[in-house]
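Input: a single structure, listed below in structure tokens.
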């Protein structure tokens, strides 16, 4: 899937095979089986070209990652606490990316800040994030995550 996303165009089994063989030995049938499985799962679409298929990603890597995060978050019994814990695991660079993303989604702010939402109040019950004065634990204490 990484190759299909990286190239961002329809690819053949042969193209993926040749690229993977630069790193390791792999059989044509293995690549063909993996791409067929991805097609059956709905991750790629395929179009016949002669006796072969060209495979193309159904969604972007970013959309896939977002769907995974949304799925994990929606399964939490306390979504606000889950977000607080997740933010606590982020690097400074990831936090800057999050801030940028929030600005893009919100657009220009024309209103005064509002009262804290119920979600924010529920998040107060979450454990303090790593590296905060209340929880100086390092990432090593949490399996390196």
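The values are calculated or read from the model by the stated rules, or taken from the named source; none is laboratory data. Since we're looking at a predicted model, the values are computed, not measured. Reconstructed Cβ throughout: ideal geometry from the backbone, glycine too, with neighbour counts over all protein chains shown.
Miscellaneous remarks
- Residue identified as touching a residue at least 12 places away in the same chain (Cβ under 8 Å) and surrounded by 13 or more Cβ atoms within 10 Å (Cβ to Cβ) among 98, 20: 20
- Identity of the residue in segment 1-42, touching a strand residue (DSSP E or B) at 6+ places or on another chain (Cβ under 8 Å) and not in a helix (DSSP H, G or I), that ends up farthest from residue 63 (Cα to Cα): 12
Okay, residues lined up against (1) within 17 Å of the chain's Cα centre (by Cα); (2) at pLDDT 50 or above; (3) part of a strand (DSSP E or B):
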{"site": "63", "(1), (2), (3)": "yes, yes, no"}
{"site": "69", "(1), (2), (3)": "yes, yes, no"}
{"site": "73", "(1), (2), (3)": "yes, yes, no"}
{"site": "82", "(1), (2), (3)": "yes, yes, no"}
{"site": "86", "(1), (2), (3)": "yes, yes, no"}
{"site": "116", "(1), (2), (3)": "no, yes, no"}
{"site": "129", "(1), (2), (3)": "no, no, no"}
{"site": "145", "(1), (2), (3)": "yes, no, no"}
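- Test: residue in segment 103-114 that is modelled with pLDDT of 90 or more and either surrounded by 10 or more Cβ atoms within 10 Å (Cβ to Cβ) or assigned by TED's automatic domain parsing to the domain that holds residue 6 (or both): yes
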